[in-house]
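Where a number appears in this text, it was derived from the coordinates with a stated rule and is not lab data. Since we're looking at a predicted model, the values are computed, not measured. Every residue, glycine among them, receives a Cβ derived from its backbone with ideal geometry; neighbour counts consider all protein chains shown.
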Amino acid sequence: MSLLSVSELQTHFIFHDIDNQLREACALNKVNLTLNRGEVLGIVGETGAGKSLTAQSICGLLRPPARIVGGSVKFDGRELLSLPDDELNAIRGADIAMVVQNPRSSLDPLTRIGEQLVRIHQTHTGGSLEISRQKAMEMMQAVGIPDPQGRFTAWPHELSGGMAQRVLIAMALMNSPKLLIADEPTTGLDVTVQAQILDLLRGLVSRFDMASMIITHDLGIVAHYCDEVAVMFAGEIIEQGKIRDVFLKPAHPYTQQLLAATPEQLHLGTKNQLGGPPPDLFNLPTGCLSQDRCPLATNACQNRPPVVKISSGHTARCHFAKPLKTSRGKKNG
C-alpha cells in the first residue's frame, strides 16, 4: 500500500466578484499521485501550474476561496478529506510536515530557536521539557547545524538564510514525520547552500525512512535529487514517471519544451516555444489544455486527450503520446 495516494483530486476557487456574480475557476483538475516510503517525488511546472496548491490541498491548508470539490487523498490508509479538523491537525503536525520557501517568514522573530523547536514537539506529543529539549538537540545535529547548544538560544535574525532553512527542516522532523513536503525549499539561497540543503533532504529520506515531495520549477533539482517526477500544466498532471524515463524520453510536447528550455539549451540557440499565456482557469478548453501553445496541435486536440501508458510507471496525457515499442521473442545471451 502506498503511503500517499491522491486520486482525481479537484480544487476550485469559488467566490463572488464585485458584481456579486458567482465565479468558479478549476485550479486543480483531477490530480493523481502515489508516493511510497523512501521515495522522493518532484513536482515541476511553470508558475501557476498548481504545484503548491497540490501540496496545500493534500495537507488541508487551503484558505477561501479555494475549496476541494472532488477526489480522494489517502495517507497511510486513511482518507484525509473526510477527517475532522482536530484529527487532521494531529496528522499534519506529526506524520506530515511541510518546509516552505523563505524560512524567515515561518520563524517567530520574537522567540528563540530552541523554544520554537520545543514548542512543536510538546504540542503534538505532550512530552516533558527535558525530552523535548533533547529531541531538539538531536534534530539540530541531524540537519547539520554546528554548535546546536549555541544555536538553541539564538534569535532567528542571527541566522543566515541557509541556517534558517536547516532550522525549519529540523522543526519539520521534530515529530518523526512519514511524509516531508518541501515547497521551493532553496529559493533565495546561493548555489552552494542550495546543494547542501538538497543533499540534506535526500539523505534524511533514507535515514528516517520517509517519503518526500519536492515542489520546484528547477528541472536540475528534480534530475539530481528525485526518483520520480510529475509535470504539471494549468492544474493537471500531463506527464509523470521515473526520472530517467521522463527526462530521456519525454512523451508530452510540453515536457519536451520544458527540457529544451534549460539554460544550457538556450545558450546553444535551441528554439524555446514556451511563450504565451496559460489557459483561462474560469473557462478551460474542452480538449487538451496546452493546445494553444503546442507546436503539434491539430483538430484532434479539441477533444480531451487520454492518459497513455508509455511504459511501466510512465504516463502522459496527450493524443500524440505512444507506448514505447518492446522487442518480443528475443532471448537473452
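Calculate, in nm to one decimal, what Leu296 and Val69 gain on full extension: separation in residues at 0.36 nm each, minus their alpha carbon distance. Mind showing how you got there, number by number?
On the way: separation 227, 0.36 × 227 = 81.72 nm, distance 3.25 nm.
Full extension from Leu296 to Val69 adds 78.5 nm.
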As straight-line cross-link partners of Lys309, the qualifying aspartates and glutamates (C-alpha separation under 19 Å, not fewer than 8 residues apart within one chain) are Glu8, Asp227, Glu228, Glu236, Glu239, Asp245
Once R0 is set to 45 Å, what does the formula 1/(1 + (r/R0)^6) return for the Cβ-Cβ distance between Val307 and Ile131, expressed as a FRET efficiency to the nearest 0.05?
0.40
Highest first, please rank the peptides 283-296, 207-220 by the mean number of other Cβ atoms sitting within 10 Å of their residues.
207-220, 283-296
Could you work out how far the C-alpha centroid of segment 215-231 sits from that of segment 169-188, in angstrom?
16
Calculate how steeply helix 191-207 sits against the longest principal axis of the alpha-carbon atoms of the chain, using the helix alpha-carbon long axis, and give the answer as 0 to 90 degrees to the nearest 10.
80
DSSP loop (so not H, G, I, E, B), at most 15 other Cβ within 10 Å: list which GluC sites (Glu not before Pro) in segment 1-109 pass both filters.
Glu46
What angle do you read, to the nearest 10 degrees and between 0 and 90, between the alpha-carbon axis of helix 85-94 and the longest principal axis of the chain?
80
Beta bridges by DSSP in the chain, antiparallel share as percent, to the nearest 5:
65
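Given the Cα atoms of the chain, and with Rh set as the inverse mean 1/r over their pairs in the Kirkwood sense, what is Rg to Rh to two decimals? List each step's numbers first, then the result.
Values: Rg = 21.5 Å, Rh = 21.5 Å.
We get a ratio of 1.00 for the chain.
Going highest first, how would you order 118-129, 50-61 by mean Cβ packing within 10 Å?
Details: 118-129: 16.1, 50-61: 21.0.
Packing order, densest peptide first, comes out as 50-61, 118-129.
Would you mind calculating the relative contact order of the chain from Cα pairs under 8 angstrom and at least 6 residues apart, reporting the percent as a whole number?
Numbers: 600 pairs, mean separation 65.5, N = 333.
Relative contact order here is 20 percent.
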Per residue of the chain, what 222 nm ellipticity follows from adding -39500 (n - 2.57) for every DSSP H run with n ≥ 4, rounded to the nearest 500?
-9500 deg cm²/dmol
Given R₀ = 25 Å, FRET efficiency for Glu138-Ala195 by Cβ-Cβ distance, to 0.05?
0.55
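Contact order normalised by length for segment 89-204, with contacts defined as Cα pairs under 8 Å and 6 or more residues apart; what percent is it? Walk me through the numbers before you get to the answer.
On the way: 150 pairs, mean separation 47.5, N = 116.
It rounds to 41 percent for segment 89-204.
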What does the charge dipole of the chain about its Cα centre add up to, to the nearest 20 debye, if the Cβ of each Lys and Arg holds +1 and the Cβ of each Asp and Glu holds -1?
1280
What angle do you read, to the nearest 10 degrees and between 0 and 90, between the alpha-carbon axis of helix 129-142 and the longest principal axis of the chain?
50
